[in-house]
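The values are calculated or read from the model by the stated rules, or taken from the named source; none is laboratory data. Note that this is a predicted model, so its numbers are computed, not measured. All Cβ positions, even for glycine, are placed from backbone atoms using ideal geometry, and neighbour counts span all protein chains on display.
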């Protein structure tokens, strides 16, 4: 249960400290923190920022905008989030760029490669490899030579 | 658009905020410490609290973590309920200028009187 909280704490710290404003090229990938908390966290942080901006005046954008631009979250563990609900999460986050497919193999509780079955094909491609290629630009060269 | 004469310019002290009703519309009227009058709709766009019960504070900015700077001559009114800020001249919320604002109204002084146009 601690993994999502740890991810949220680290994100909150980085956003409110102004790291994403100070270093626009900074990218953060969170692994193994789950998927369902992301839209709620964006809403909650935006709400707090609207109310408390003066406490962190060096933060120049809505936290959710920083997250859409610079934060990626691995799909593993999908837990019981089914395809239909996963697509709703993407819709609520207002970005199809935030999730990266991952299984956590070879851990005993690794996700199956089939966890995205049933998700729209275009979105599956985004999650399965396009977002990863954008997050790790040198990977395409390594794969294709 | 119609002009509404409110009261003499000296009626409000610099830094003062008050609620006024103009043509059946509740407005938050304030006078900045520099003496300029500004008017916003007296209803926070978040949950409709009266901004005239809020606080006039300097606009705060910063360039890096821990850096707090007061911007000369820029003021925001802070909502009494949830601390939303609104630029007193434009009504724009600096935290979310694309989505959050309250309507602002033109205030002038004519013949020693404060005049609101709406």
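What the table below lists for this structure:
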read-out: Among the residues listed as B:77, B:57, B:71, B:114, the single one being more than 23 Å from residue A:56 (Cβ to Cβ) and either within 12 Å of another protein chain (Cβ to nearest Cβ) or part of a strand (DSSP E or B) (or both); value: B:114
read-out: Meets criteria (touching a residue at least 40 places away in the same chain (Cβ under 8 Å) and surrounded by 13 or more Cβ atoms within 10 Å (Cβ to Cβ)) for residue B:79; value: no
read-out: Residue within segment A:8-20 that is surrounded by 17 or more Cβ atoms within 10 Å (Cβ to Cβ), within 14 Å of chain B (Cβ to nearest Cβ), modelled with pLDDT of 95 or more and assigned to a loop (DSSP other than H, G, I, E, B) present; value: yes
read-out: Which numbered condition residue B:43 fails, given (1) buried (at least 17 other Cβ atoms within 10 Å of the Cβ); (2) part of a loop (DSSP other than H, G, I, E, B); (3) within 12 Å of chain A (Cβ to nearest Cβ); value: (3)
read-out: Qualifying residue in segment A:35-47 (condition: away from chain B (no Cβ under 13 Å), within 26 Å of residue A:133 (Cα to Cα) and in a loop (DSSP other than H, G, I, E, B)); value: yes
read-out: Residue that is touching a residue at least 60 places away in the same chain (Cβ under 8 Å) and within 19 Å of the chain's Cα centre (by Cα), where the choices are A:81, A:90, A:115, A:35; value: A:35
read-out: Segment B:46-63, residues that are under 14 Å from the mean Cα position of the chain (by Cα) and buried (at least 18 other Cβ atoms within 10 Å of the Cβ); value: B:51, B:52, B:54, B:56, B:59
read-out: Search result, residues across segment B:80-97 that are assigned to a strand (DSSP E or B) and within 8 Å of chain A (Cβ to nearest Cβ); value: B:85
